[in-house]
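The values are calculated or read from the model by the stated rules, or taken from the named source; none is laboratory data. Not measured: the values here are computed from a predicted model. Neighbour counts are summed over all protein chains in view; Cβ atoms, including those assigned to glycine, are modelled from backbone coordinates with ideal geometry.
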Amino acid sequence: MNEVINDSGIIISVVILSTIIFYYLYYYFVNSNLPKKYCAGITPGTKKEVMLFLIKKCYGFLILGLIPGILYYFFLDKNFEKFGLSVNQLSNNFSIILLLIFVIIVVLFFNQKANKQHNSLQINISEWNVFLFMINVSGWIIYLVGYEFLFRGILLFECNNSFGFWPAIAINIAVYSAIHMVYGKEQAFGSLIFGGIACYLTLSCGTLLIPIIMHISLSFFSDYFSIRYNKSLSFVSYKNFHLPLK
């Protein structure tokens, strides 16, 4: 049996496996007791919930975005321009981005209205103000930039270079939906649709900005509609711009 091993085959194999490994490192950390240990000195309540959330999201950016990006830059490719992270790409695809945001808003709105008990929030509190919600949004932005950089950036573009357009999308969707199976069948199925659209538009338009904005919009409006329409959650007013104490 004659096996031919080339550099490109090794590289793409490492990229695919390392993507899964990096996600495992993130998943098992956030589901362990380590984040709670880091917050052990904080009095239970809103501040502790917020700190736990931010630790998990910042760790996600570190493990899924920053470290893979550094390794990718020094060992594989110093050219980040191919990911389309530029103002020009944003303006060129502005109409598509607006349309996608509109579709996301409509889908999430009707989904929440049909299932008012749905709660997508990862900060376990019932009363929200503007400041607290913006912290929540900031945490998602930090995390999702790193998340999309790994999955729709490094993984997708390298698979596209090695296998071509459709195989790259198929591999990405397979990995992306598989890691969502632990969150239930709804998220696994939703990731098939979201992942397919995100991958197709990323490669077709040549920019990572589209899936980043899509994913941030998804998290933003999902959390907003949860607070707005879930009877156990609510927006409250505070005279001062601060975290609620309880």
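Below are the figures for this structure:
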item	result
Qualifying position, being surrounded by 19 or more Cβ atoms within 10 Å (Cβ to Cβ), at pLDDT 95 or above and part of a loop (DSSP other than H, G, I, E, B), among Thr202, Thr207	Thr207
Which numbered condition Phe165 misses (of (1) of a type outside the set (Lys, Arg); (2) modelled with pLDDT of 95 or more; (3) within 25 Å of Phe102 (Cβ to Cβ); (4) surrounded by fewer than 21 Cβ atoms within 10 Å (Cβ to Cβ))	(3)
So Glu186, is it assigned to a helix (DSSP H, G or I), under 29 Å from Val50 (Cβ atoms) and free of Cβ contacts under 8 Å to residues at least 12 places away in the same chain	yes
Residues of the stretch 210-231 that turn out to be closer than 15 Å to Phe151 by Cβ and not in a helix (DSSP H, G or I), as a count	0
Subset of the stretch 121-146 that is hydroxyl-bearing (Ser, Thr, Tyr) and in a helix (DSSP H, G or I) - its residue that is nearest to Met51 (Cα to Cα)	Ser138
Pairs where the first residue, in the stretch 91-107, is touching a residue at least 24 places away in the same chain (Cβ under 8 Å) and of a type in the set (S, T, N, Q) and the second is part of a helix (DSSP H, G or I) and surrounded by 11 or more Cβ atoms within 10 Å (Cβ to Cβ), C-beta under 9 Å, 6+ apart	Asn92/Cys205; Asn93/Leu201; Asn93/Cys205; Asn93/Leu209; Asn93/Ile210
Candidate set: the stretch 48-86, residues that are of a type in the set (Lys, Arg) and modelled with pLDDT of 95 or more; chosen: the one nearest to the chain's Cα centre (by Cα)	Lys57
Criterion (of a type outside the set (D, E, K, R), under 29 Å from Ile125 (Cβ atoms) and buried (at least 21 other Cβ atoms within 10 Å of the Cβ)) met by exactly one of Ile212, Ile216	Ile212
Of residues in the stretch 222-237 being under 17 Å from the mean Cα position of the chain (by Cα) and within 19 Å of His180 (Cβ to Cβ), the one surrounded by the most Cβ atoms within 10 Å (Cβ to Cβ)	Asp223
Every residue from the stretch 72-90 that is free of Cβ contacts under 8 Å to residues at least 12 places away in the same chain, surrounded by 14 or more Cβ atoms within 10 Å (Cβ to Cβ) and of a type in the set (A, V, I, L, M)	none
Within the stretch 219-246, considering residues that are at pLDDT 95 or above and in contact with a Leu (Cβ under 7 Å, 6 or more places away or on another chain), the one nearest to Leu99 (Cα to Cα)	Phe221
Of all residues in the stretch 67-80 being in contact with a Phe, Trp or Tyr (Cβ under 9 Å, 6 or more places away or on another chain) and assigned to a helix (DSSP H, G or I), the one that is farthest from Tyr176 (Cα to Cα)	Tyr73
Residues of the stretch 25-58 satisfying the condition of being more than 25 Å from Asn129 (Cα to Cα) and assigned to a helix (DSSP H, G or I)	Leu25, Tyr26, Tyr27, Tyr28, Phe29, Val30, Leu34, Lys37, Tyr38
